[in-house]
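The structure under discussion appears below in the form of structure tokens.
The values are calculated or read from the model by the stated rules, or taken from the named source; none is laboratory data. Keep in mind that this is a model prediction, so the values were computed, not measured. Here the Cβ is made from the backbone with ideal geometry for all residues, glycine too, and neighbour counts use every protein chain on show. Heads up: the accessible areas ignore ligands, DNA and RNA and are worked out on the full protein's heavy atoms, side chains in. Shrake-Rupley method; radii C 1.70, N 1.55, O 1.52, S 1.80 Å.
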Amino acid sequence: MNKQSLIFALAAFALCCSCQQTQVSIEGRLVAGESKTVYLEQVSSLRQQVIDTTELDEQGNYRFALEEASQTPSLYNILYDGERIPLFVKAGDKLQVSSVGNIVRNYTVAGSEESELLREFYQAFIAGAQHLEQLAKQFADQSLSDADRAALLKSYTDEYYAIRREQISFIAEHKASLAAVYAIYQRLPGDQHLADGVNDVLHYRTVADALEETYPESPYLVMLRGDIARMEATQRLAEGITESMFPELELPDMYGKSVSLSSLLGKVIYLDFWSAQLGNSNVLNAELKELYAKYHDAATPFEVYQVAIDTSKPLWINTVQEQQLPWISVSDLRGEASTALGTYNVTKLPTSFLIDKEGVIVGRDLRGEALERKLQELTR
């Protein structure tokens with residue numbers, strides 16, 4: 001081989017190596033689904049976009065090839081038969097993703113450490129969320145006895161907090177992984193925060209600091225830092241509220257009569273922002289009703305002032321009546337445009353404030369046992 005030919009051969013070899021370093025292959029076998037079409041979806045902070053489509057062969061085999069992938073792992077989804085399999089993919093990966101039967105619960109993945117770790121979290125979280133959804137549907141059955149309803153409520157509550165504990169434990173254990181980033185943004189039905197809202201920023205900061213070491217060039221690190229800054233700003237505003245007397249609200253009830261929050265001064269007040277459209281409103285209100293019945297006529301009476309962030313009056317009224325809510329229910333029916341949200345710096349639903357008989361806000365987002373402990377103290 002002459003010198004010129006050798007140079008061309010080396011250049012071609014270098015070009016081939018360069019292509020291989022940016023290429024990604026995703027293949028596997030999907031069995032027992034009804035569909036024959038498989039989609040590959042690319043996920044960014046702004047959108048989700050299907051970038052490729054293929055058909056299963058007679059044995060259920062499929063294959064995707066990405067020509068130019070990022071050197072830092074990015075999120076993609078395989079979409080098949082109405083289910084979604086999330087993957088973290090980087091240049092040079094050769095992934096094998098397969099499933100027999102239920103896609104989400106049974107899929108396996110090899111060829112990407114981040115994707116394998118993500119599967120560990122994702123399958124357990126989705127299974128738990130689906131179970132919660134089933135329990136919520138059962139709870140809506142009006143023919144249930146009080147005993148059955150109480151048992152379902154306990155099952156829902158136990159499952160809910162078990163999923164939350166596992167989610168936070170996974171994030172803490174794998175804080176330096178992109179799987180932890182994915183986990184930190186997942187929410188159970190009706191939730192808009194990870195833990196209690198107040199301490200969410202601590203989990204975000206822990207993951208961001210660890211990710212600085214493992215993936216300093218990752219765009220997900222920039223996203224985390226931006227969210228941390230927003231949460232810290234929100235907390236500073238919230239602290240301004242909790243250090244003073246409660247801001248006044250005066251909103252109409254179902255009959256159009258205006259009810260002011262200050263009219264309840266002298267009682268222990270639970271100011272609750274919610275929506276009739278929330279998927280878990282039935283369960284959360286059922287839990288609150290138990291505490292209301294227990295402390296409403298205490299030495300220092302307990303009252304609930306519940307603000308519905310809705311726009312449909314029929315939906316709001318029907319929900320209040322169907323759930324037989326015994327407390328003060330109000331709404332200006334302006335939804336997210338309600339001035340009440342700005343007054344209390346509410347950025348998620350549900351959000352609640354506990355106000356003592358002197359009119360001082362003494363707690364935020366208290367529920368379950370934490371709320372009852374505080375009520376025992378304040379209603380004496």
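Which of rounded, prolate, oblate describes the chain, given a ≥ b ≥ c as roots of the alpha-carbon gyration tensor eigenvalues and a/c under 1.5 marking rounded, otherwise prolate only if a/b is larger than b/c? Prolate.
Calculated [222 nm] ellipticity per residue, helices only, for the chain: -14500 deg cm²/dmol; basis is -39500 (n - 2.57) per DSSP H run with n ≥ 4, divided by all residues, nearest 500.
Longer than 31 Å from Cα to Cα, which of Lys137/Lys257; Lys36/Lys90; Lys36/Lys348; Lys36/Lys154 are they? Say none if no pair is. Beyond 31 Å between Cα atoms: Lys137/Lys257; Lys36/Lys348; Lys36/Lys154. Computed from the C-alpha gyration tensor, the three semi-axes of the ellipsoid equivalent to the stretch 301-345 are 19, 16, 5 Å, from longest to shortest. Remark: the stretch 89-173 projects, on average over all directions, an area of 7.1 nm² (convex hull of Cα atoms). Taking the Cα centre of the stretch 278-319 as origin and assigning +1 to Lys and Arg Cβ atoms and -1 to Asp and Glu Cβ atoms, the resulting dipole is close to 100 debye.
Here the relative contact order of the stretch 95-168, from alpha carbon pairs under 8 Å that lie six or more residues apart, stands at 23 percent. With a ≥ b ≥ c taken as the square roots of the eigenvalues of the C-alpha gyration tensor of the stretch 259-305, please select rounded if a/c is under 1.5 and otherwise prolate if a/b is larger than b/c or oblate if it is not? Because a/c hits 1.5 or more and a/b fails to exceed b/c, the stretch 259-305 counts as oblate.
Looking at the chain alone, DSSP beta bridges between its own residues are antiparallel in about 70 percent of cases.
Note on Trp327: accessible area is roughly 20 Å² with a 1.4 Å probe, heavy atoms of protein only. Calculated FRET efficiency, Thr108 to Arg84, Cβ-Cβ distance, R0 = 22 Å: about 0.90 to the nearest 0.05. The share of accessible area on the chain that comes from carbon and sulfur is 51 percent, using a 1.4 angstrom probe. When Rg and the Kirkwood Rh are both derived from Cα coordinates, the Rg/Rh ratio for the stretch 204-332 amounts to 1.12.
Normalised by the number of residues in the chain, the average gap of Cα pairs under 8 Å and 6 or more apart makes the relative contact order 11 percent. Segment Ala299..Thr214, full-extension length gain: 25.0 nm, with 0.36 nm per residue of separation and the alpha-carbon distance subtracted. In terms of its Cα atoms, the stretch 25-164 spans 59, 34, 26 Å along the principal axes, sorted from long to short.
Positive end of the dipole of the chain (Cβ unit charges, origin at the Cα centre): among Leu30, Leu66, Leu135, the Cα lying farthest that way belongs to Leu66. As a size descriptor, the averaged projected area of the C-alpha convex hull of the stretch 285-380 was calculated at 6.2 nm².
Over the stretch 222-380, Cα pairs under 8 Å with separation of 6+ residues give a relative contact order of 31 percent.
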